[in-house]
Amino acid sequence: RKRVGVLISGRGSNMVSIAEAARAPDYPAEIALVISNIPDVAGLDRARGFGIATATVDHRPFGKDREAFERAVDELLRVNQIDLVVLAGFMRILTPWFVKRWEGRLINIHPSLLPLFKGTHTHRQALEAGVSEHGCSVHFVVPELDAGPVILQAKVPILPGDDEETLSKRVLVEEHKLYPAALAEVASGRASLTGDAVSRT
Ligand code: GAR
């Protein structure tokens, strides 16, 4: 099984969905470490509840030196012999240095149908755009924000009367199915990054 390091910044519900999927003996990955850049978030407690090792690398003492923060994260990932890095509600933009170091072994979930609605407040963006469907994407991370090739997507309808809360909940249900499925594709080698595209076998 591939050893996965999950980076979080908050509640960690996507991390939990992967931890639950990894209970199946034939799942091709296991979470070996969860790292948060914010101390004391709920996701760290939830990880410990699964018996998963946790660490906090607070980004604030590093100030503007993003790479120094990332070197600390990278060191922890290497010491723990991590094969794949999974961003799950990790709200820091990574430098090209880190992205290159983990190229093809670094994936993210984003709550929109990429390439639509990059960045933050994606549900608000979708509602304001007046589109009829929305969803979530798991993609390989490339240096440009939310621009990496998509591994899997899931769609939900936008319904009359939706607000950010109802829509984000509907998307989150899909995220919790999509992320374990996409990680399984990558961990098993069925999906890989070749150049700037996903190749599938
Ligand atoms: C999820 O909706 C995830 O897609 C989103 O943050 C939430 C984290 O929830 N990620 C981003 O917006 C990344 N830019 P979780 O901590 O419960 O998994």
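Observations, loosely collected:
- In the stretch 164-201, the residues that are of a type in the set (Ser, Thr, Tyr) and free of Cβ contacts under 8 Å to residues at least 12 places away in the same chain: Thr166, Thr194, Ser199
- Looking at Val173, Val142, just one residue is under 26 Å from Arg78 (Cβ atoms) and within 17 Å of the chain's Cα centre (by Cα), and that residue is Val142.
- Top-ranked residue in the stretch 88-110 [being over 15 Å from Ala187 (Cα atoms) and basic (Lys, Arg); ranked as nearest to the ligand (Cβ to nearest atom)]: Arg92
- Qualifying residues in the stretch 31-53 (those that are surrounded by 19 or more Cβ atoms within 10 Å (Cβ to Cβ) and of a type outside the set (A, V, I, L, M, F, W, C)) - the one farthest from Ile107 (Cα to Cα): Arg46
- The combined condition, being within 25 Å of Pro111 (Cα to Cα) and more than 15 Å from the ligand (Cβ to nearest atom), is fulfilled by Arg66.
- Total residues in the stretch 163-184 satisfying the condition of being within 14 Å of the ligand (Cβ to nearest atom), more than 16 Å from Ala21 (Cβ to Cβ) and of a type outside the set (Ser, Thr, Tyr): the figure is 6.
One line per residue, one yes/no per condition, for (1) of a type in the set (Phe, Trp, Tyr); (2) assigned to a strand (DSSP E or B); (3) within 12 Å of the chain's Cα centre (by Cα):
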{"residue": "Val6", "(1), (2), (3)": "no, yes, yes"}
{"residue": "Arg11", "(1), (2), (3)": "no, no, no"}
{"residue": "Asn14", "(1), (2), (3)": "no, no, yes"}
{"residue": "Ser17", "(1), (2), (3)": "no, no, yes"}
{"residue": "Pro25", "(1), (2), (3)": "no, no, no"}
{"residue": "Leu33", "(1), (2), (3)": "no, yes, no"}
{"residue": "Pro39", "(1), (2), (3)": "no, no, no"}
{"residue": "Ala47", "(1), (2), (3)": "no, no, no"}
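- Lone qualifier among Lys155, Lys118, Lys100, Lys169 - being surrounded by fewer than 19 Cβ atoms within 10 Å (Cβ to Cβ), closer than 30 Å to His59 by Cα and in contact with a strand residue (DSSP E or B) (Cβ under 8 Å, 6 or more places away or on another chain): Lys118
Every residue, every condition in (1) over 16 Å from the mean Cα position of the chain (by Cα); (2) closer than 18 Å to Val16 by Cα, yes or no:
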site	(1), (2)
Val99	no, no
Ile107	no, yes
Ala126	yes, no
Val138	no, yes
Gly161	yes, no
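- Taking the stretch 52-163 and the helices (runs of 4 or more DSSP H) fully enclosed by it, the elements with 2 or more residues that are in contact (Cβ under 8 Å) with a residue 12 or more places away in the chain and among the basic types (Lys, Arg) are at 96-101.
- Among residues of the stretch 23-42 being touching a residue at least 24 places away in the same chain (Cβ under 8 Å) and small (Gly, Ala, Ser), the one that is nearest to the ligand (Cβ to nearest atom) is Ala42.
Every read-out reported here was derived from the displayed coordinates using simple, explicitly stated rules and does not represent laboratory data. All of these numbers come straight from a predicted model, not from anything done at the bench. A quick note on method: Cβ atoms are made from the backbone with ideal geometry, for glycine too, and the neighbour counts reach across all protein chains shown.
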